[in-house]
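These notes are about the structure you will find just below.
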Amino acid sequence: MLGRPVSYVLAHGELVVDSSSIDAAMQRRRSGEPLQYIRGRTEFFGRDFYVDDRVLIPRPETEILVETAIGRIERGARVVDIGTGSGSIAVTLALERPDLRITATDASVAALAVALSNARGSVSLVASDILSAFVRDFDWIVSNPPYISAAEMETLATEVRDHEPRSALTPGPAGTETIERILDQAGRARVILEISFGQENAIRDLAEAHHFAVEEVLPDLAGIPRVIVLSRHGWK
């Protein structure tokens, strides 16, 4: 709350500060608000990103999606990050793979305002519900979509359930509604998605129904299937 690093505070023990901002922050924390929103930042892939309650807080698991994209996407590819939120995925890809042409989309204009503060010109930002704003195709789609079922929302921690944007968490009763819409609109693009615990078989069924082949499923550090790579049958 002082806007100073810990090393500065430790070196200036005699410093007298106005406690009102600290008291206010503590009250926010007691109410269950995530520390990342109170601080206004979080770390993702070794970089700081601005976050507030307009966007989902990037999780460490999502770094697996980014690592997969970095390693798999060919040079010069046209990539779209659907549901970009804070922009952490798109911006990280742009910095790690400057050869890529990256567009980031979100249906929420409020979320795009946060992404804009993080992007600093590194990616193109477009307000779009999935790919409805586009007439051109992309080579790759990357997305950490909302994937929590409506019923499961009630089991989440207060920090998540009551403070993070609901639209970024759940798309509806099944939890797979947004993923199905992405596959509906994907065209010939290959797709890298983050998925939820216990969702792999449902996504495999959706992929088959939309004429996608599952190229790979990657686990997170707990061994849970977390990222799935899909391509159109015959378009690998």
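The values are calculated or read from the model by the stated rules, or taken from the named source; none is laboratory data. Keep in mind it's a predicted model, so treat the numbers as computed, not measured. When we count neighbours, we look across all protein chains shown, and the Cβ atoms used for this are built from the backbone with ideal geometry, even at glycine. Remember, those area values only see protein heavy atoms, side chains included, never the ligands or the DNA or RNA. Shrake-Rupley method; radii C 1.70, N 1.55, O 1.52, S 1.80 Å.
This model, with +1 at the C-beta of Lys and Arg and -1 at the C-beta of Asp and Glu, gives the stretch 52-207 a dipole about its Cα centre of some 640 debye. Here the dipole of the stretch 7-143 is about 140 debye; that uses its Cα centre as origin and unit charges on the Cβ of Lys and Arg (positive) and Asp and Glu (negative). In the chain, with Lys and Arg counted as +1 and Asp and Glu as -1 at Cβ, which of these residues, F197, A150, A207, has the Cα nearest the positive end of the dipole, that is, farthest along it? Farthest towards the positive pole: A207. Angle, helix 200-209 long axis vs. longest principal axis of the chain, Cα atoms, 0 to 90°, nearest 10? Its long axis makes an angle of about 40 degrees.
For the stretch 18-100, relative contact order (Cα pairs under 8 Å, six or more residues apart, normalised by length) works out to 22 percent. Springs between Cα atoms under 10 Å define the GNM used for the chain, and in it the highest mean-square fluctuation of S143, S124, S19 occurs at S19.
Normalised per residue, the accessible area of the chain is 50 Å², obtained with a 1.4 Å probe and no contribution from ligands, DNA or RNA.
Here the Gaussian network model covers the chain, with springs between Cα atoms less than 10 Å apart; of S21, S108, S117, S21 fluctuates the most. When the Gaussian network model of the chain links Cα atoms closer than 10 Å, the mean-square fluctuations of L193, L206, L93 top out at L206.
Any chance you could give the angle, 0 to 90 degrees and rounded to 10, that helix 20-30 forms with the longest Cα principal axis of the chain? Around 50 degrees separate the two axes.
Counting heavy atoms of the protein chains alone, I22 has an accessible area of about 60 Å² for a 1.4 Å probe.
Taking Cα centre as origin and charging only the Cβ of basic (Lys, Arg, +1) and acidic (Asp, Glu, -1) residues, the dipole magnitude of the stretch 46-121 rounds to 280 debye.
Across V66, V217, V16, the residue with the most accessible area heads the list, and the full order at a 1.4 Å probe is V16, V217, V66.
Length gained on full extension, R28 to D129: 33.1 nm, using 0.36 nm per residue less the C-alpha separation.
Does the stretch 93-142 come out rounded, prolate or oblate, given a ≥ b ≥ c as the square roots of the eigenvalues of its C-alpha gyration tensor, rounded meaning a/c under 1.5 and, failing that, prolate meaning a/b above b/c? Judged from the Cα gyration tensor, the stretch 93-142 comes out oblate (a/c at least 1.5, b/c at or above a/b).
Surface listing: M153, M26 arranged by accessible area from highest to lowest gives M26, M153, probe 1.4 Å. Using DSSP, restrict attention to beta bridges with both residues in the chain and report what percent are antiparallel, rounded to the nearest 5. For the chain, the DSSP antiparallel bridge percentage is about 45.
The trypsin sites (Lys or Arg not before Pro) found in the stretch 153-224 that occupy coil by DSSP, while having at most 16 further C-beta atoms within 10 Å, are R188.
Axis angle, to the nearest 10 degrees, between helix 109-119 and the longest C-alpha principal axis of the chain: 80 degrees. Taking every C-alpha pair closer than 8 Å and separated by at least 6 residues, the mean separation divided by the residue count of the chain gives a relative contact order of 16 percent.
A simple spin-label model places the labels of R39 and R204 3.9 nm from each other, with each point 7 Å out along Cα-to-Cβ. Computed extension gain for A151 through A213, at 0.36 nm per residue and net of the alpha carbon distance, reaches 19.4 nm. Stretching the chain fully between R136 and H233 yields a gain of 32.9 nm (0.36 nm per residue, less the alpha carbon separation). The share of accessible area on the stretch 160-236 that comes from carbon and sulfur is 51 percent, using a 1.4 angstrom probe.
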